Amino acid sequence: MKRHVLHPLWVAIGLVGLILLARVFMVPDDFGVHGPSFTYNYYRLSNIQEWKNFPVKYRGKESCAECHEDKIRMTRRSPHKRIECENCHGPALDHPDDIEFLPTNQDRALCLRCHASLEYPNNARSDLPAIVDRHHKRNRACVDCHNPHNPREDAE
Amino acid sequence: MSCSRRQFLKDVVGGGLVAALPASAFVFISSDEAKAALAETKVRWAFLVDTTKCTGCGFCVTACKNENEIPFDAPVTRTWVERYVVTKDGQTHADSPMGGRDGFTQREIHGQEIEPEDIDKAYFVPKLCNQCDNPACVQVCPVGATYQTPDGVVLIDREWCIGCGYCIMACPYGVRFFHPVKKVADKCNFCYHRITKGLQPACVQSCAFGARRIANLRDPDDPVTKIITTERVAVLKDEYGTKPNVFYIGLDENVR
């Protein structure tokens, strides 16, 4: 074969060799087919553990009850017992270790998520007690009059 | 037909090589390996949405964004709530402002006030990743950065994703988006870090009305699995053949 054909050929073969060599170092050992299907199970296995290690932020009512049993007892007698504490108080994270006080959202907008009047027939939303925002004590906070832990009682 | 010795030898060697190639593709596994593979499939995560219970408060979207570190004010979200209002003139009005993150507190839909007496029906539909049995998003990934775990959840490898966006286009449900901070594709993973610890997904926990529930389809005693298997449930866009695993109670034909 002529030189002008051979030279580029060696260069091409060299490049392929380099890429194959780089691949050995760059592709992790646990990368491959882990499961029944090449189409859906071709991945880096340790990534599953990485996702499992993602930090949990919302701890749930049971976790709150460890210290705030009194508040939980108050909500138990109320229609608000179904609401998670962290919906209004924010995600606990590692409270009280990392955050001493959780910032409570007392904004009207938070209550209006459920209690803004939407007259929809045959919709669970219409079963909730509701107000029209602009017609109901426009400049007051809801918690001035309503106790969020038990709305059937007056504010604390 | 004539055949030289040279040609004959060539054909035999060449044909033998071609025949040997597929044989190497067969992998024989031992009985122990087969057992281990079966043990992995004791869990198959699925989801049940009861649209008749959803009130459009949007606490699920807020909880999801906080739990999964999705930028709060960016117009992207792993789960969202859609509102559908069907009026007496046969029109369907749908909206999902900021994915329903702040709840639905206004009557107006896209600036249009709809009088209560004009409404035939109205409902809220929460949406999230369907963790399909045949995920189109995984098929198109050119680098193997997204995949299906043995328990059925589709995950994204943030180290491996190159951000090409093929998967975002491929998902028929539009659940994938480009994470504005991590610069990779992102989507709901049923809060994989929570369900694998025995916790509920953040959206399920925050739902005060029981509209969202998580199920293990491989556990016949799971109460939510019982609902999925014995009651009348529907899935979104069945015609795409993706075999979605988010089941809906009360799904209306107007839901897209």
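The values are calculated or read from the model by the stated rules, or taken from the named source; none is laboratory data. Quantities reported herein were computed from a predicted structural model and do not represent experimental measurements. A quick note on method: Cβ atoms are made from the backbone with ideal geometry, for glycine too, and the neighbour counts reach across all protein chains shown. Just so you know, the surface numbers come from the protein's heavy atoms only, side chains and all, with ligands and any DNA or RNA stripped out. Shrake-Rupley method; radii C 1.70, N 1.55, O 1.52, S 1.80 Å.
Taken over the range A:30-56, the residue count meeting the criterion of being farther than 14 Å from residue B:146 by Cβ, at the interface with another protein chain (Cβ under 7 Å from one of its Cβ atoms) and part of a helix (DSSP H, G or I) is 1. Here residue A:110 meets each of (1) open to solvent by less than 50 Å² (accessible area, probe 1.4 Å); (2) touching a Lys or Arg at 6+ places or on another chain (Cβ under 8 Å) with one exception, condition (2).
Look at the range A:21-43: where a residue is of a type in the set (Lys, Arg), no partner that is surrounded by 12 or more Cβ atoms within 10 Å (Cβ to Cβ) sits 6+ places away or on another chain with Cβ atoms under 7 Å. Filter the range B:176-226 for residues that are within 11 Å of chain A (Cβ to nearest Cβ), outside any loop (DSSP other than H, G, I, E, B) and of a type in the set (Gly, Ala, Ser); which is surrounded by the most Cβ atoms within 10 Å (Cβ to Cβ)? Among them, the one singled out is B:202. When A:150, A:122 are checked against the criterion of being within 13 Å of another protein chain (Cβ to nearest Cβ), more than 24 Å from the chain's Cα centre (by Cα) and in a loop (DSSP other than H, G, I, E, B), a single residue qualifies: A:122. Number of residues in the range B:61-105 that are open to solvent by 30 Å² or more (accessible area, probe 1.4 Å), part of a strand (DSSP E or B) and touching a helix residue (DSSP H, G or I) at 6+ places or on another chain (Cβ under 6 Å) equals 1. Scanning the range A:18-29 for residues that are at pLDDT below 95 and either closer than 12 Å to residue B:147 by Cβ or open to solvent by 70 Å² or more (accessible area, probe 1.4 Å) (or both) yields A:23, A:24, A:25, A:26, A:29. For the range A:66-84, the count of residues that are facing chain B (nearest Cβ under 10 Å) and in a loop (DSSP other than H, G, I, E, B) is nonzero. When A:70, A:154, A:127, A:97 are screened for being within 26 Å of residue B:100 (Cβ to Cβ) and either open to solvent by 50 Å² or more (accessible area, probe 1.4 Å) or in contact with a helix residue (DSSP H, G or I) (Cβ under 6 Å, 6 or more places away or on another chain) (or both), only A:127 passes.
Within the range B:116-140, the set of residues being open to solvent by 30 Å² or more (accessible area, probe 1.4 Å) and assigned to a loop (DSSP other than H, G, I, E, B) comprises B:133, B:134.
In the range B:227-255, which residue that is without any contact (Cβ under 8 Å) to a residue 60 or more places away in the chain and closer than 19 Å to residue B:131 by Cα is surrounded by the fewest Cβ atoms within 10 Å (Cβ to Cβ)? Give the derivation first.
Step one: filter the range B:227-255 for residues without any contact (Cβ under 8 Å) to a residue 60 or more places away in the chain, giving B:229-232, B:234, B:238-239, B:253.
Remaining after also requiring closer than 19 Å to residue B:131 by Cα: B:229, B:234, B:238-239.
Working: B:229: 13, B:234: 14, B:238: 10, B:239: 6.
Checking each candidate, the answer is B:239.
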